Structure formats: structure tokens, C-alpha cells
Amino acid sequence: MSFLTPEQPPQVEDAAAEIASGARLVPRITIQAFCEHSQTAQLVESAMHDRRMSKVALTTHNGGIDGAVETYKSNPTPNLIIVETVLSPQEIPGSLSRLAEVCDASTRVIVLGHVNDVLLYRELIRSGISEYVVLPATSAELVTSITELYAAEGAAPIGRTVGFISAKGGAGSSTISHNVAWAIATSLRQDCLILDMDLPFGTAGLNFNQDPPHGLADAVLANQKVDQTMLDRLMSKAANHINLLTAPATLERTWDFEEREFEGIIEICQRSVPVIVLDIPHAWNAWTRQTLASIDDVVIVAEPDLANLRNAKNMADAIKAMRLTDSAPKLVINKQGVPRRPEIGASEFASSVECSLIGQIGFDAALFGTAANNGQMIAEVSANNKVNEIYRAIGMQVTGRQVSHGGGKSGSLLKLPAMFKKRA
């Protein structure tokens, strides 16, 4: 709790003097502040001049707690909400409970209040509020409160890791992972980092029309020398809220890795970026197994045919066995409706694989071909296409924003072999 009594005169800040040498930077989070007074908005905005906040995206709004409640009834919540309140200590908890009803579980809240009350502070912390700062305060104090939440020694990683992998070569997991990352960045306004782990053949650079000189291979080959500063240097900005660690896409050497080769890199990314999308190649070896076992969510992308069904079933069973206490893999059916191709119905496919179906994407050679050849996302080529809403829904699912109901079209054009039927 930060106290500054009203009797104290305003302090002239010397940011350089107040920031300890080697202070950690706040990671790439989004912050939205709801202020009752213009002076408070100025305080919050001045915090952005602190070098510890250099990676943060901040917006300020009027309206305090009530304004936040109205905003988040129809909009996704950011990583951190800062709300100013002029309510009495008796009214504050009830007002914040209404805010909690419209916030995602992962969102943190800092309250800026005008009441210096230890009992109120204890009640707010017990209820899940991250910090209570008594006004007037300095911007350095506010930044310190934020830093202690996200950048202090021992702070929990902020990054959610989501891996996409194809059940069969060419099923389209790369295209889907890139477009889902785009949807997360644009709809949720969350910073998203794409790791193109297919080092010899990866397409993240092509799909975003980027050709950076460095990428993921440099981080892997640096071995134990990689740190946050190095990763920041290797990342390339593809769009607002989207960064890439691209693959070199070269065959000048072989790309063989130890089981835990990527583990340290992913952990560093988790400390600085809210969403990490892993574009995992269609392969089955020590490092892909370890990656699939250790990340937060796995999405299997499959076409609706028998070979994809067999592979998806085998992969799902193996991944579940490796992740006994973690979430089961999810399923996306891609390239539905290829002309003259008999297909397995999506609901029957998902039932046989025993995975939650979170998306079905139709075959559209012209649309996807145009996007691929132009180095664009589908939303850039056709903003109103319904597939964009599917990508957004998948993004909501894998970031924990909503619960999957696993729907799907009923019926099947193919009779499945008995070995793929769901066991009773």
C-alpha cells in the first residue's frame, strides 16, 4: 500500500534518481486507466515517461469504476486496470465487486483512492485487488507498484503459451496460428509474439511480408547466452501488438536440437509478452514432444480425411498422456468443403479424436492464396470475411476468454473404421 498524506507538499520528481540502477522493465502489457480527475489522468500518463514503462501500452479514460464497468461489459479487459475512486471506504468494495463481474480472471487491478485506511487496504487485498495507492502520489510510486506486480524478482510469468501443430503436412497450422495471433492482437489488444519453430521451412516471415536479419535460430544457437535483452533485439515488429521470432528458412545446416533446447527461450518470452504463439512444425521428436508437454495450450489442426484423423487421434492420445494435469489438446478442422472430396463430418471427427472442437474453417483457394502470395493476413485481404470471426473465436478460446462448447456440423460422408470410434 502506498501512503502519501495530504499534508505533504508535492514532490519534484527526479526520475533518474528514483530508479535504481538495473531496475527491471515492465513487460509488454496493456494498461487502461479510468480516472475521476484530470490531475489523476496526468499522473498516470506521466508514468509512461519512466523508462521502466517503455514497453507498456497505456490508454486513459474518464469515469472511475463505473466507467470501467460499462466499458468491459462489451470489451475485453487488458492485463492491468487502474481505477480511481472517490467513494467512501464502505462503498468501495461493493463497487469493485461489480467490476470483478466483467473482468477476466487474469486481469489485475490497482485502485487509486483518496482514503488513507489500513482496514480498507486489507479488505481490498483479500478480495483480489493487486494494490491500493493513496492519492496524492507521485508517478514514480505508481510505476513502482506496477513494477512490483510484473517485474519483481519472483513475479509470476505473464505469458500464455499456445502451440499449433498440424496432424498432417499441409493441414494449415501455420496459417491458422498466424491469423489467430493477428486476431488476438487486434481484438484483445494484447501483445503477441509468434515463434516460428520450423527453422528450415517456416513461413511466418513470408506470411507477414517480413525478412528480418535475425530470428529464432540466433536465440537457439546462442545457447546459454540468451536473455531478455537479446530476445528484444532479435524480435521483428510485424504489426501493432505483433512481434516475430522468424525462422531462417535455410538448408545450409541441419536443425537438430536437444530435448529442452527451446525451453529457456520460451520461459524468457513468458516473462515479457502476454501471449506467445508457437508455430510448431509437423514432426515428432524429442524437442517437439517436450514443447507440446510444457506449454499452456495445444491446438491440433487437421483436414477432414482419414489420414488426418488417424494422426490427430495418435497425437491427441500422446499429448494427453504427457499432460495429465494440464488442459487437453484442442482441435481445429481446416479446409472443409474441398470440391468433390469426400469428408468426415467435423463433429464425428472431433468425437473420434476425443478433442474439443474450437473451430471449423472452410476451403477458399482464392482468398487464402491471395493472402499467402501478398504476405498478408486474411483480415487484411478481406476484413468482412466470416473466417475472421472464427479466428477471433479461436483466439478467445486459447487465451481463456471464453469456454468452448465444441459444436460442429453433424453428419458424415464417410463411414469411420471401428478403431477410430470413440471408446465407451
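For the pairs 313/335; 313/386; 55/237; 237/386, flag any whose C-alpha to C-alpha distance is greater than 22 Å.
Violating the 22 Å Cα-Cα cut-off are 313/386; 237/386.
What ranking do 347-354, 382-389 get when scored by the average of other Cβ atoms within 10 Å per residue, highest first?
347-354, 382-389
Please report, in debye to the nearest 20, how large the charge dipole of segment 257-361 is about its Cα centre when each Lys and Arg carries +1 at its beta carbon and each Asp and Glu carries -1 there.
320 debye
Note down the nm distance, to one decimal, between modelled labels 7 Å out along Cα→Cβ at residue 106 and at residue 227.
The answer from the label model is 2.7 nm.
Would you list 58, 43 from fewest to most Cβ contacts within 10 Å?
Sorted ascending by nearby Cβ count, the order is 58, 43.
How about segment 109-188: which GluC sites (Glu not before Pro) there are in a DSSP loop, with at most 16 other Cβ atoms within 10 Å of their Cβ?
Listed in order of number, the matching sites are 153.
Would you mind ranking 53, 315, 230 by Cβ crowding within 10 Å, fewest neighbours first?
Ranked by crowding around the Cβ, least crowded first: 230, 53, 315.
Which value, in debye to the nearest 20, gives the size of the charge dipole of segment 24-150 about its Cα centre, when Lys and Arg are +1 and Asp and Glu are -1 at the Cβ?
The dipole magnitude comes to about 520 debye.
Cut-off is 10 Å between beta-carbons; in what order do 319, 29 appear when sorted fewest neighbours first?
Ranked by crowding around the Cβ, least crowded first: 319, 29.
Zone of residue 155 (label point 7 Å along Cα→Cβ, backbone N under 15 Å): which residues in segment 30-56?
30-32, 48, 50-56
Describe numerically, in nm with one decimal, the distance between label points set 7 Å from Cα along Cα→Cβ at residue 211 and at residue 59.
For the pair residue 211/residue 59, the computed spacing is 3.5 nm.
Under 20 Å from a label point 7 Å along Cα→Cβ of residue 254: give me every residue in segment 203-217 with its amide N that close.
Once the point is set 7 Å along Cα→Cβ of residue 254, 217 turn out to lie under 20 Å by backbone N, inside segment 203-217.
Step by step: find N for segment 24-150, compute 2.2 N^0.38 Å, then divide the Cα radius of gyration by it. What's the final number?
Normalised by 2.2 N^0.38 Å, the Cα Rg of segment 24-150 equals 0.96.
Give me the net charge of residue 238's neighbourhood, meaning all other residues with Cβ under 12 Å from the Cβ of residue 238; Lys, Arg count +1, Asp, Glu -1.
Local net charge: -3.
Less than 9 Å Cβ to Cβ from residue 89, Lys/Arg counted +1 and Asp/Glu -1: what total charge do the surrounding residues give?
-3
Kindly identify segment 231-300 as rounded, prolate or oblate by the Cα gyration tensor criterion: order the square roots of the eigenvalues as a ≥ b ≥ c, call it rounded if a/c is under 1.5, otherwise compare a/b with b/c, prolate if a/b is larger, else oblate.
oblate
Mind checking which aspartates and glutamates have their C-alpha under 17 Å from residue 168, skipping anything on the same chain fewer than 8 residues away?
Within the straight-line cut-off, residue 168 pairs with 198, 279, 303, 305, 317, 343.
For the chain, what does the helix formula give at 222 nm: sum of -39500 (n - 2.57) over DSSP H segments with n ≥ 4, over the residue count, nearest 500 deg cm²/dmol?
Calculated from helices alone, the mean residue ellipticity at 222 nm is -10000 deg cm²/dmol.
If you add up the charges near residue 66, with Lys and Arg at +1 and Asp and Glu at -1, over every other residue whose beta carbon is less than 12 angstrom from its beta carbon, what do you get?
-2
Rounded to the nearest 20 debye, what is the charge dipole size of the chain about its Cα centre when +1 sits on each Lys and Arg Cβ and -1 on each Asp and Glu Cβ?
Value, rounded to 20: 1920 debye.
Read-outs: derived from the displayed coordinates by stated rules, not from any lab. The model shown is predicted, which means the values in this text are computed figures rather than measured ones. Backbone-built Cβ (ideal geometry, glycine too); neighbour counts: all protein chains shown.
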